[in-house]
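Visitor: Quick one: structure below, then a few questions.
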Amino acid sequence: MSRTSRIAGAVLGTAALTVSLVACGGDSLEEGKKGGSGGASGSAKGSLVVGAAAFTESKVLAELYAQVLNDAGYSATVTTVKNRELYEPSLEKGEIDVVPEYAATIAEFLNAKVNGPKAPEEKPVASGDAAATVEALKKLAEPRGLKVLAVGGAVDQNAFAVSKEFAEKNKLKTLSDLGAAKLKVKIAAGDECEIRPFCAPGLKKTYGIDVTGIDPKGVGTPQSKQAVKDGVDQLVLTTTTDATIESFGLVFLDDDKKLQNADNVLPVVNAKDAGSPEIAAALDKITKVLTTADLAELNRKVDAERAKPEDVAKAYLQSKGLVSK
C-alpha cells in the first residue's frame, strides 16, 4: 500500500467500524494477555499483541517488532488487521498493544478523529519536519491512552523519480533542479494526483515544475515506471521504499524543500499495557538501526522473492545483531 492510500485512509474520519480481530494461529487477542506488566502464560514478562495493517511493509515492521520483543523476554504475536480505521480503536482499547506507524499519517488520522474529517485539510498538524510532526502527534495520542515512542530515520512517503538518462541529460538531482530546468513534465501516477496537494499542485507551487498532465497508470505500478523508462512520461509518483526503481533504470529526485509530510516510521503503543521503559528500549533498538533503504530491501524480498515477512525480519535482526541467533 502506498502512502497515498494511507493518507486516503487517514482522512476518512471516525466512522464506527466493527471487526472480529483474528490473531495469528486463531488465538483470541485477550487470551492470557497481561500487557507488559508480567504474569502472562508463556513469558515471565507478559504477552503482547503487535498489530499489522494488510500490506507488506506493515507486516514486515510488525514482525521486526514482535521478534525483538520476544528476544527481550516477552511473548509477542502478530495480528493482521485490514486498516487503520479498524486497528487504531483496538490499540486504544488495549486489544492490540503495539503498532508500527507513520508519523504524519497517524497524526492526521487522529487530527480527523479529534477535530473532524476536514481538519487534515483545513488545519493540518503534520509537516515535512519530523520532530514537529511527532510533537503534534503526541498531543493528539496521549489523551487517548496512546504512547508515541522514538521516531527513526526510515521513512515511507511519496517520492518522485525520473529515468537516469533524463536526469543525466538535464543535470537533475532534486525536484528544485527539475523546476529550474523549465521542462514540461507529464506524471505517471493515480488520477487523484491532479488535485492532491502533495502531487501535481504541490510540485507546481513549491518547485515551479511545469506539469502538463497526469498519465493515470497508478502510484508506483510497473506500468507507471515503464512509461517513464520509455520516455512516454517524465516523472513517476511512487514511494521512498520502492525497491524496484533501479531495475527500471530510474532514480529518485530529492524532495529538497520538504513538500511531503514526514512519514517516518515509529512505534505507537497502548500506554497502560505496553508503556514500560523496557518495551520502549526493545523497540528503540530497531528504530535506531532501520533505514529507508533497509525497508525497501525487506519489502523487495517479500514481494519479489516471495519470502515470508517473519523470515526476512529474522534474517535482518540477526544480521544487525539485534536478537540472539
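Visitor: Picking from 57, 63, 92, 121, which residue would you name as being in a helix (DSSP H, G or I), in contact (Cβ under 8 Å) with a residue 60 or more places away in the chain and farther than 20 Å from residue 266 by Cα?
Guide: 121
Visitor: What residue, among those in the range 238-256 that are outside any strand (DSSP E or B) and among the aliphatic types (A, V, I, L, M), is least open to solvent (accessible area, probe 1.4 Å)? Walk me through how you get there before you give the answer.
Guide: The first filter runs over the range 238-256 and keeps only residues outside any strand (DSSP E or B), leaving 240-249, 255-256.
Checking which are among the aliphatic types (A, V, I, L, M) leaves us with 243, 245.
On the way: 243: 38, 245: 8 Å².
Taking the candidates together, the pick is 245.
Visitor: Okay, next question. Looking at (1) open to solvent by 30 Å² or more (accessible area, probe 1.4 Å); (2) modelled with pLDDT of 95 or more; (3) out of contact with any Gly (no Cβ under 6 Å at 6 or more places or on another chain), can you tell me which one residue 121 breaks?
Guide: Against the list (1) open to solvent by 30 Å² or more (accessible area, probe 1.4 Å); (2) modelled with pLDDT of 95 or more; (3) out of contact with any Gly (no Cβ under 6 Å at 6 or more places or on another chain), residue 121 comes up short only on (2).
Visitor: Can you list residue pairs whose Cβ atoms sit under 7 Å apart, with the first residue in the range 292-312 being free of Cβ contacts under 8 Å to residues at least 24 places away in the same chain and the second being buried (at least 19 other Cβ atoms within 10 Å of the Cβ)? Count only pairs 6 or more apart in sequence or on different chains.
Guide: Within 7 Å, the pairs are 301/312; 307/301.
Visitor: Mind checking which residues of the range 257-278 are of a type outside the set (A, V, I, L, M, F, W, C), part of a loop (DSSP other than H, G, I, E, B) and out of contact with any Phe, Trp or Tyr (no Cβ under 8 Å at 6 or more places or on another chain)?
Guide: Passing the criteria: 258, 275, 276.
Visitor: Looking at (1) within 20 Å of residue 153 (Cβ to Cβ); (2) surrounded by 20 or more Cβ atoms within 10 Å (Cβ to Cβ); (3) of a type outside the set (Gly, Ala, Ser); (4) touching a Lys or Arg at 6+ places or on another chain (Cβ under 8 Å), which one does residue 235 not meet, given that it meets all the others?
Guide: (1)
Visitor: Is it the case that residue 115 is modelled with pLDDT of 95 or more, of a type in the set (S, T, N, Q) and in contact with a helix residue (DSSP H, G or I) (Cβ under 8 Å, 6 or more places away or on another chain)?
Guide: no
Visitor: Among 310, 278, which is modelled with pLDDT of 95 or more and in contact with a helix residue (DSSP H, G or I) (Cβ under 8 Å, 6 or more places away or on another chain)?
Guide: Matching residue, one of 310, 278: 310.
Visitor: Hey, does the range 282-293 have a residue that's over 20 Å from residue 156 (Cβ atoms) and of a type in the set (A, V, I, L, M, F, W, C)?
Guide: yes
The values are calculated or read from the model by the stated rules, or taken from the named source; none is laboratory data. Since the model is a prediction, treat every value here as computed from it, not as a measurement. Every residue, glycine as well, gets a Cβ built from its backbone with ideal geometry; the counts of neighbours run over all protein chains shown. In case anyone asks, the SASA skips ligands and DNA or RNA and just uses the protein heavy atoms, side chains included. Shrake-Rupley method; radii C 1.70, N 1.55, O 1.52, S 1.80 Å.
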